[in-house]
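Notes for the one structure printed next.
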């Protein structure tokens with residue numbers, strides 16, 4: 001193609017050619033010309049970067065290439081907020097306590113704050129050891145998870161699932177080509193209206209940021225305190241397997257959301273002593289605008 005062909009185009013065709021190429025450099029290469037000449041043609045016809053609706057057109061192109069990633073779930077109402085189930089090393093005892101609490105308090109909505117499935121066989125450590133660790137196979141993870149969901153569905157009408165670092169193992173395995181809804185599909189819940197899964201590791205309940213952060217700290221509420229200062233809102237934080245409730249230095253309500261996994265079923269915890277913090281089973285209740293926690297030995301604390 002030549003520059004003469006470009007010059008002979010109608011403004012509409014010329015505009016289409018520009019947006020198909022994406023920029024002046026690519027358009028000049030296609031029509032065997034230089035950028036200056038192509039720019040003059042576009043300017044004369046008031047198309048491409050000289051279009052009146054330039055910013056909207058570029059926005060459409062940008063949204064396709066680099067979409068906004070912060071389309072968070074914004075929830076209302078009363079919720080049981082849990083995290084770090086690590087199925088199949090979950091605690092059925094604590095799942096039972098969660099269900100009983102939800103029934104007693106008439107709360108029919110559940111948030112799973114990440115690390116619902118353990119995916120031990122997809123972990124870096126398993127691969128590093130050439131698969132010698134006795135990790136359950138992924139299909140067993142799915143089988144156990146379906147069983148747990150069967151139990152949860154006996155009470156909960158709405159289940160929200162955000163991603164934790166263990167779900168990111170699944171995403172890495174698929175080289176980031178799978179959508180989070182793939183997990184619901186595998187678990188035969190894709191068309192079940194009770195479920196919503198987010199592509200993010202956080203969501204909001206009213207003004208509370210419920211998050212499964214990448215970072216980890218050894219002190220209770222430390223990470224939640226920093227996040228509350230950063231985002232200027234109350235924070236419920238998963239990932240650390242702590243269970244605690246307090247206030248940030250800025251006066252926001254903050255909490256560690258506990259875990260529903262069983263350390264006695266977790267290989268790297270049960271087989272040898274480590275410096276890992278002691279895990280705290282429990283969960284958070286959000287009802288009528290108030291936060292409370294239920295955990296082993298702490299009862300109900302507001």
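Please find, among 103, 108, 137, 46, the residue that is surrounded by fewer than 21 Cβ atoms within 10 Å (Cβ to Cβ), in the same structural domain as residue 203 (by TED's automatic domain parsing) and modelled with pLDDT under 95.
That would be 137, the only listed residue that is surrounded by fewer than 21 Cβ atoms within 10 Å (Cβ to Cβ), in the same structural domain as residue 203 (by TED's automatic domain parsing) and modelled with pLDDT under 95.
If the requirement is being in the same structural domain as residue 108 (by TED's automatic domain parsing), modelled with pLDDT of 95 or more, under 30 Å from residue 119 (Cβ atoms) and in contact with a helix residue (DSSP H, G or I) (Cβ under 8 Å, 6 or more places away or on another chain), which of these qualifies: 85, 79? Break it down stepwise before answering.
Details: 79 fails: in contact with a helix residue (DSSP H, G or I) (Cβ under 8 Å, 6 or more places away or on another chain).
Answer to the check: 85.
Which numbered condition in (1) under 24 Å from the mean Cα position of the chain (by Cα); (2) in contact (Cβ under 8 Å) with a residue 60 or more places away in the chain is the only one that residue 294 fails?
(1)
Looking at region 11-24, I want the residues that are in contact (Cβ under 8 Å) with a residue 24 or more places away in the chain and have a partner that is surrounded by 13 or more Cβ atoms within 10 Å (Cβ to Cβ) and not in a loop (DSSP other than H, G, I, E, B) with Cβ atoms under 6 Å, at least 6 apart or on another chain. Which pairs are those?
Sorted first by the residue in region 11-24, then by its partner, the pairs are 11/45; 14/45; 18/27; 18/48; 24/35; 24/38; 24/39.
Can you name every residue in region 274-302 that is at pLDDT below 95 and within 19 Å of residue 217 (Cα to Cα)?
Matches in region 274-302: 274, 275, 276, 277, 278, 279, 280.
Filter region 268-282 for residues that are more than 17 Å from residue 89 (Cα to Cα) and in contact (Cβ under 8 Å) with a residue 24 or more places away in the chain and give the result.
Passing the criteria: only 277.
Answer yes or no as to whether residue 269 is modelled with pLDDT of 95 or more and assigned by TED's automatic domain parsing to the domain that holds residue 87.
Working: modelled with pLDDT of 95 or more: no; assigned by TED's automatic domain parsing to the domain that holds residue 87: yes.
Considered against the rule, which asks whether it is modelled with pLDDT of 95 or more and assigned by TED's automatic domain parsing to the domain that holds residue 87, residue 269 comes out as no.
What is the residue count in region 187-211 for residues that are in contact (Cβ under 8 Å) with a residue 60 or more places away in the chain and closer than 16 Å to residue 239 by Cβ?
Residues in region 187-211 being in contact (Cβ under 8 Å) with a residue 60 or more places away in the chain and closer than 16 Å to residue 239 by Cβ: 7 in total.
Within region 91-111, does at least one residue satisfy the condition of being closer than 13 Å to residue 159 by Cα and assigned to a loop (DSSP other than H, G, I, E, B)?
Yes, the conditions are met somewhere in region 91-111.
Only one residue in 260, 163 is within 25 Å of residue 119 (Cβ to Cβ), touching a helix residue (DSSP H, G or I) at 6+ places or on another chain (Cβ under 8 Å) and touching a residue at least 60 places away in the same chain (Cβ under 8 Å). Which one?
260
The values are calculated or read from the model by the stated rules, or taken from the named source; none is laboratory data. Please read all numbers here as calculations on a predicted model, not as lab measurements. As a convention, Cβ positions derive from the backbone with ideal geometry for all residues, glycine included, and neighbour counts pool all protein chains shown.
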